[in-house]
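The values are calculated or read from the model by the stated rules, or taken from the named source; none is laboratory data. Note that the structure is predicted; figures quoted are calculated from it, not measured. Glycine also receives a Cβ, built like all others from the backbone with ideal geometry; neighbour counts cover every protein chain displayed.
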Amino acid sequence: MGKYKTEPLKCWGKAKELRLNVYKGIARARDEGTMIVAGGTESAIALPAGFDMDFLGGEPYGASCTFAGIKDPQWSKGLMEATEAAKFPRDMCAYMRLGIGSLLEDKFVFGGPYPKPTFNLQTHICDTHGKWYQIMSDIEGVPYNVCDYVPFEWETENESEESKALKRTYLKDQMLEVIDWMEGVTGKKYDDEKFINAVNWECESTNLWARCCMENQAIPAPMDEKMMYSLYIIAVLMRQQKAAVDFYKELLDELKDRVKRGIAAFENERYRMIHDSQPPWHNLGIFRYMEEFGAVVIGAHYSFGLSGGWAYDAEQDKYLPAKPPKEAGVTLSTREEACEWYANWLLEYHTVLRSLRFSGRGKHKRIHDIIDNWNIDAVMIHLNRGCEGTAVGQMELRRYLADQGIPALTYEGNLADEREFDLPRTIDKIDTFMETVGLKKISEE
Amino acid sequence: MIADFEKIYENRHDYMKAWKEKNPDWKVLGYICSYMPEEILYAANVLPIRMFGAHEPQNVTEPHILGMFCPFCRDVLAQGLLGRYDYCDAIGITHTCKHVNQAYESMVTHKGFTHFFVPTPNKMQAKQALPYYSGILGLFKKQIEEWVGREITDDDLKRGIEIVDTNRRLMREVYETRKAEDPPISGRDSMLMVCASEMYDKVEVNKIIEDVLKNELPGRKAKDDPGIRLMILGSENDDVKFVNMVEEVGASLVIDDHCTGSRYFWNTTEPADDLLTSIADRYLKRPPCPIKDMPNRSRIPHLLGLAREWDVAGVIMIQQKFCDPHELDKVALMDAFEEAGFPTLYLELDVTVPLGPFRIRVEAFLETLGSEDLF
């Protein structure tokens, strides 16, 4: 009998269905020859929503390949080797290497040949992103464009309004130009109403996901990190759609109900941790292993922020769910207004994207905010060789936490390349860490 | 004298300390990436110097930066943490890559430097980049004014532009001489010239280059037999031992594309009504770091043009290990060179270079380039 009651999430099945439908839609578009747009999912995916299209996002696709590779290595190691055989270095972004490998092998992990997009559209959120789809377009022979992303500095830097305005205008004007460009390369008319709806829904669904994360401040936490991977993915894949808003409303209601009834994600929660960077998708079992000690990872700057809109509240000195247009009392009526709002949303409220560029003092502040407000005992840091965007600043984060007296567990790996992950060594590190913080396996107590 | 470039390179810190004593009214700002708008700094009586590594093993960066980050950034950070740049009054970076960002963040955090971050655009080809970057340079100018405690006037800016552009013009002139069948200056010395320009007072270096152009290069042969003409390109490279080795085994490096080479100085500032716009425009139009070359691949025609104009037989592509920007262009560039008839050799640099194995690979490459003579 555990310390807390637990039960499965009622909307779990719906999350799986929504996720699979995205890929079914892409496969159908490929087979029927309708429009597919490809790029990073953390790009401005509401932009191409002015067309009827299916969006193929590179990062979740890479994670899917990694997961499929657990049972059949052709989808992970096989695609990596195909990329390396084509002379691409093996220390580059692991998601990118899976995407290139999939394209070169002409294999789609959800069945059939790799879908050729109508065009690629990327947002240059990290040093790899803008170049990633340049390479894909080289191979596919399809048009390519990119929006440059220069985020606002973190709050600790006290960036001036003048500087923020320059960045906002820079991104907004690029967005407007990209819309014209998309019309040019497709020969199709862009629907402003669809775009404005997509911006509203994206802001709303990412606000809702942030609110879901706020529910995890409760003890016991109603979600654990492993569950969150299957839940935040809806916003990653389709946050610009109304179906995502509806899903997160349902999830938020369910989480509130779980909190009210004291339903835990993990029945023996006694030591709350957060994770840093993406997990090793090929070995999520490490989270289950930690539960043997009563330790549960209940969130991450990454999983909170990747799909969530977070605003810094200077008065309370904390991060809160950012207000979408309607809640902020704003009506977006024109393409220009929507681009301006959208640009600001991404530059200010997308905390993960901001951390890819300014990972020092600002990220420490955000991590500390989570530690304080989510009642966190320790931080687990995945020194991630597969994503340098999230790995930047990690050693300084470890030092910062040590200075603050917050325990930190580091382990080395790669989010998508299992060849760079050592499970026995990671288990050893977890054992050592647990001993250090005085936790024994529950079964041995 | 050409030899002065090496003296500056080898004794960079001594030169700078002596320079500071002679110029007490100036401040010194150390920067890492070559996109730093030096014109504005010269205008403010701030000497910009590029921070380099020392190419020696070190044990200070591991607690701060991951081992999979590029050797250049780790080496530069090591120099900062070891106090070798303590004479700098401030440090600064422009946004180029996260490895540079990390080295900068760690130095700011642990050395307490006054610091400046210039958020350069990445999509240099975007028409929106010019108004954005001009505005950002305006804010940078204001920050520098506040720091030095005085206004930077248009005349100051013109003076700054003139100093930096003169340096660019002179180095371009030196590079032009390398088109000759018998180049008067080696690849090694050319690299040292650019490094000296980056790490010391340009006014002083300009005098040296002017003297070299006038009195030393005419009629000079860098080598009795220049051997096979090669191009070298890739990420930051100030590895003297490696470049020396290549030129000792039967080759001459006659042209390059490095940020410690032609990429740093290739174009000058074009006049415009607004001086900051003019400066911004120059940085947007310079031969780009690969990370800033999107969505179109402007580097390929530029690099093929250099290879043809300087009449090279092959290309050595080197990069700092783990340098993502250059890795991301690797395949496209190799394919473009090979298609255009320029064989390539690809090597990865670390803080220290395994000269023996590299010598074998370079010799094998040169042998393949010379194989037509055998048959």
Test set (1) farther than 23 Å from A:Glu159 by Cβ; (2) within 13 Å of another protein chain (Cβ to nearest Cβ) - B:Val108 fails condition number: (1)
Of the criteria (1) polar (S, T, N, Q); (2) within 27 Å of B:Phe140 (Cα to Cα); (3) out of contact with any strand residue (DSSP E or B) (no Cβ under 9 Å at 6 or more places or on another chain); (4) buried (at least 19 other Cβ atoms within 10 Å of the Cβ), which one A:Asn200 fails: (2)
Breaking point among (1) surrounded by fewer than 22 Cβ atoms within 10 Å (Cβ to Cβ); (2) within 15 Å of the chain's Cα centre (by Cα), for B:Gly227: (2)
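Going by what's in this entry, would B:Asp293 be described as touching a Lys or Arg at 6+ places or on another chain (Cβ under 6 Å) and either surrounded by 18 or more Cβ atoms within 10 Å (Cβ to Cβ) or not charged (D, E, K, R) (or both)? Can you show your working first?
Numbers: touching a Lys or Arg at 6+ places or on another chain (Cβ under 6 Å): yes; either surrounded by 18 or more Cβ atoms within 10 Å (Cβ to Cβ) or not charged (D, E, K, R) (or both): yes.
Judged against the criteria, B:Asp293 is a match.
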Long-range neighbours under 6 Å by Cβ, at least six apart or interchain, first residue in a helix (DSSP H, G or I) within region B:302-321, second of a type in the set (D, E, K, R): B:Leu303/B:Asp257
Residue ID - nearest to B:Tyr133 (Cα to Cα), chosen from residues in region A:124-141 that are more than 9 Å from chain B (Cβ to nearest Cβ) and either crowded, with 18+ Cβ neighbours inside 10 Å or touching a residue at least 12 places away in the same chain (Cβ under 8 Å) (or both): A:Ile125
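Just for region B:315-340: of the residues that are among the charged types (D, E, K, R) and within 10 Å of another protein chain (Cβ to nearest Cβ), which one is surrounded by the most Cβ atoms within 10 Å (Cβ to Cβ)? Please lay out each step first, then the result.
Initial filter on region B:315-340 (among the charged types (D, E, K, R)): B:321, B:324, B:327, B:329-330, B:335, B:338-339.
If we keep only those that are within 10 Å of another protein chain (Cβ to nearest Cβ) too, we end up with B:321, B:324, B:327, B:329-330, B:335.
Numbers: B:Lys321: 18, B:Asp324: 28, B:Glu327: 23, B:Asp329: 26, B:Lys330: 20, B:Asp335: 14.
Checking each candidate, the answer is B:Asp324.
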Candidate set: region B:156-197, residues that are over 15 Å from B:Asn267 (Cα atoms) and free of Cβ contacts under 8 Å to residues at least 60 places away in the same chain; chosen: the one surrounded by the fewest Cβ atoms within 10 Å (Cβ to Cβ): B:Glu181
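Do you know which residues across region B:125-137 are in contact with a helix residue (DSSP H, G or I) (Cβ under 7 Å, 6 or more places away or on another chain) and either more than 9 Å from chain A (Cβ to nearest Cβ) or part of a helix (DSSP H, G or I) (or both)?
First, pick out the residues of region B:125-137 that are in contact with a helix residue (DSSP H, G or I) (Cβ under 7 Å, 6 or more places away or on another chain): B:126, B:128-130, B:132-137.
Correct list: B:Ala129, B:Leu130, B:Tyr132, B:Tyr133, B:Ser134, B:Gly135, B:Ile136, B:Leu137.
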Hits in region A:370-391 (condition: more than 16 Å from the chain's Cα centre (by Cα), part of a loop (DSSP other than H, G, I, E, B) and either within 11 Å of another protein chain (Cβ to nearest Cβ) or within 18 Å of A:Leu415 (Cβ to Cβ) (or both)): A:Arg385
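Looking at A:Leu353, A:Leu401 in this structure, which one is surrounded by fewer than 23 Cβ atoms within 10 Å (Cβ to Cβ), more than 10 Å from chain B (Cβ to nearest Cβ) and under 15 Å from the mean Cα position of the chain (by Cα)? Spell out the reasoning first.
Numbers: A:Leu401 fails: under 15 Å from the mean Cα position of the chain (by Cα).
Testing whether each residue is surrounded by fewer than 23 Cβ atoms within 10 Å (Cβ to Cβ), more than 10 Å from chain B (Cβ to nearest Cβ) and under 15 Å from the mean Cα position of the chain (by Cα) leaves just A:Leu353.
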Enumeration of residues in region A:61-73 that are touching a residue at least 24 places away in the same chain (Cβ under 8 Å) and either within 19 Å of A:Lys116 (Cβ to Cβ) or over 24 Å from the mean Cα position of the chain (by Cα) (or both): A:Tyr61, A:Gly62, A:Ser64, A:Cys65
A:Glu193 more than 12 Å from chain B (Cβ to nearest Cβ) and at pLDDT below 95: no
Residue in region B:341-350 that is more than 20 Å from A:Gln134 (Cβ to Cβ), acidic (Asp, Glu) and part of a strand (DSSP E or B) present: yes
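Can you report the number of residues in region B:349-370 which are of a type in the set (D, E, K, R), in contact (Cβ under 8 Å) with a residue 12 or more places away in the chain and within 17 Å of B:Gly314 (Cα to Cα)?
At the first step, the residues of region B:349-370 found to be of a type in the set (D, E, K, R) are B:350, B:359, B:361, B:363, B:367.
Filter once more, keeping what is in contact (Cβ under 8 Å) with a residue 12 or more places away in the chain: B:350, B:359, B:361, B:363.
From what's left, within 17 Å of B:Gly314 (Cα to Cα): B:359, B:361, B:363.
Final tally of qualifying residues: 3.
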Selection within region A:259-278 - outside any loop (DSSP other than H, G, I, E, B) and in contact (Cβ under 8 Å) with a residue 40 or more places away in the chain: A:Val259, A:Arg261, A:Ile263, A:Ala264, A:Tyr271, A:Arg272, A:Met273, A:Ile274, A:His275, A:Asp276
Restricting region A:162-190 to residues that are away from every other protein chain (no Cβ under 13 Å) and among the small types (Gly, Ala, Ser), the residue that is nearest to B:Ala129 (Cα to Cα): A:Gly184
Among (1) at pLDDT 95 or above; (2) within 22 Å of A:Pro222 (Cβ to Cβ); (3) of a type outside the set (Val, Ile, Thr); (4) buried (at least 18 other Cβ atoms within 10 Å of the Cβ) - the single one A:Ser307 does not satisfy: (1)
Filter result (buried (at least 20 other Cβ atoms within 10 Å of the Cβ) and within 14 Å of chain B (Cβ to nearest Cβ)) within region A:59-90: A:Ala82, A:Thr83, A:Phe88, A:Pro89
Count - residues of region B:35-45 that are closer than 22 Å to B:Asn101 by Cα and not in a helix (DSSP H, G or I): 3
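Of the residues that sit in region B:70-103 and are of a type in the set (Phe, Trp, Tyr) and surrounded by fewer than 23 Cβ atoms within 10 Å (Cβ to Cβ), which one is nearest to the other protein chains (Cβ to nearest Cβ)? Don't jump to the end; show me each part of the working.
The first filter runs over region B:70-103 and keeps only residues of a type in the set (Phe, Trp, Tyr), leaving B:72, B:85, B:87.
Applying the additional criterion that residues be surrounded by fewer than 23 Cβ atoms within 10 Å (Cβ to Cβ) yields B:85, B:87.
Working: B:Tyr85: 19, B:Tyr87: 24 Å.
It comes out as B:Tyr85.
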Matching helices (runs of 4 or more DSSP H) fully within region A:279-369 where at least 3 residues are among the aliphatic types (A, V, I, L, M): A:335-349, A:351-357
Options B:Pro288, B:Pro354, B:Pro343, B:Pro295: the member that is closer than 30 Å to A:Asn384 by Cα, more than 11 Å from chain A (Cβ to nearest Cβ) and at pLDDT 95 or above: B:Pro288
Search result, residues across region A:1-20 that are loosely packed, with under 14 Cβ neighbours inside 10 Å and modelled with pLDDT of 95 or more: A:Lys5, A:Glu7, A:Pro8, A:Lys10, A:Gly13, A:Lys16, A:Glu17, A:Leu20
Selection count where residues are more than 14 Å from chain A (Cβ to nearest Cβ) and closer than 21 Å to B:Val203 by Cα, scope region B:23-68: 28
Subset of region A:142-158 (residues that are within 30 Å of B:Phe322 (Cβ to Cβ) and more than 7 Å from chain B (Cβ to nearest Cβ)): A:Val142, A:Cys147, A:Tyr149, A:Pro151, A:Phe152, A:Glu153, A:Trp154, A:Thr156, A:Glu157
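Among the residues of region A:97-113, count how many are of a type outside the set (Gly, Ala, Ser) and more than 23 Å from the chain's Cα centre (by Cα).
Filtering region A:97-113 down to residues of a type outside the set (Gly, Ala, Ser) leaves A:97-98, A:100, A:103-110, A:113.
Now drop any that are not more than 23 Å from the chain's Cα centre (by Cα), which leaves A:104-107, A:113.
Number satisfying all stated conditions: 5.
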Some residue of region B:5-26 being of a type in the set (A, V, I, L, M, F, W, C) and in contact with a Ser or Thr (Cβ under 7 Å, 6 or more places away or on another chain): no
